[in-house]
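Report on the following structure.
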């Protein structure tokens with residue numbers, strides 16, 4: 001299932017946040033959305049999930065305009081994990097994960113046993129089966145993050161969108177989440193993930209899209225995108241880039257040498 005955005009403009013509080021962004025999320029790949037704070041990454045992800053209506057342009061999933069789909073139809077196609085994991089209701093972890101089965105249930109029907117089996121399997125996949133009966137507000141930020149990822153996995157949508165899914169996790173669970181995303185992509189799911197760690201983005205993503213000041217400024221395989229020149233222009237730091245032991249680009253920032261802010265960043269799409 002492919003997700004396609006064309007010429008997206010998004011405004012928030014009458015301020016243009018995204019301008020002319022075109023992007024595809026392909027089945028079978030992990031697409032990393034990177035860029036500095038305020039670049040528009042989270043806004044783009046919400047627009048891709050149908051949670052924000054663009055001022056111009058459109059998003060389509062398998063040829064159907066996302067804006068024309070009913071919430072249940074959209075949920076069957078696209079799963080979204082927000083950056084904010086604050087608990088909105090006093091429910092247990094398993095009850096929250098079962099909410100991911102909403103798109104697959106008939107109206108007003110009770111959750112069948114198969115839904116609970118899927119939900120418990122999703123919790124187990126993220127290493128959180130032991131949290132099933134815990135109240136969500138009692139969980140730590142990292143535990144809530146894992147439960148929200150389990151909810152999205154239980155949704156079994158063809159496209160999976162995640163906003164900084166590893167930000168509150170220890171290194172063990174970070175690696176587990178990246179393994180899950182790789183497994184979902186290998187199963188044919190299109191995955192798009194917002195990341196701040198450039199080394200993680202380089203190692204775990206098939207393709208990177210770089211946002212800067214609301215525009216897509218670079219797009220392609222990590223080895224084509226992660227360069228000292230791009231890091232200087234977008235992040236305003238000097239850095240060296242070499243290959244790690246696995247052959248992926250590895251960034252070494254030089255914090256004491258700040259690169260000057262460019263007057264303009266020429267759009268470069270690889």
Query raised in the report: If you take the residues in region 251-270 that are out of contact with any helix residue (DSSP H, G or I) (no Cβ under 6 Å at 6 or more places or on another chain) and closer than 20 Å to residue 31 by Cα, which one is modelled with the lowest pLDDT?
Result: 269
Query raised in the report: Which of the following residues is surrounded by fewer than 21 Cβ atoms within 10 Å (Cβ to Cβ) and within 15 Å of residue 5 (Cα to Cα): 82, 47, 67, 76?
Result: 67
Report summary line: Checked pairs for region 23-42, first over 14 Å from residue 219 (Cβ atoms), second in a helix (DSSP H, G or I), C-beta under 6 Å and 6 or more apart or across chains, list as 28/185; 30/181; 30/185; 36/235
Query raised in the report: Out of all the residues in region 204-218, is one or more part of a helix (DSSP H, G or I), more than 14 Å from the chain's Cα centre (by Cα) and farther than 23 Å from residue 6 by Cα?
Result: no
Query raised in the report: Scanning region 159-200 for residues that are surrounded by fewer than 19 Cβ atoms within 10 Å (Cβ to Cβ) and touching a strand residue (DSSP E or B) at 6+ places or on another chain (Cβ under 7 Å), which turns out nearest to residue 253 (Cα to Cα)?
Result: 199
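The values are calculated or read from the model by the stated rules, or taken from the named source; none is laboratory data. The shown structure was predicted, so the numbers you read here are calculated from the model rather than taken from an experiment. When we count neighbours, we look across all protein chains shown, and the Cβ atoms used for this are built from the backbone with ideal geometry, even at glycine.
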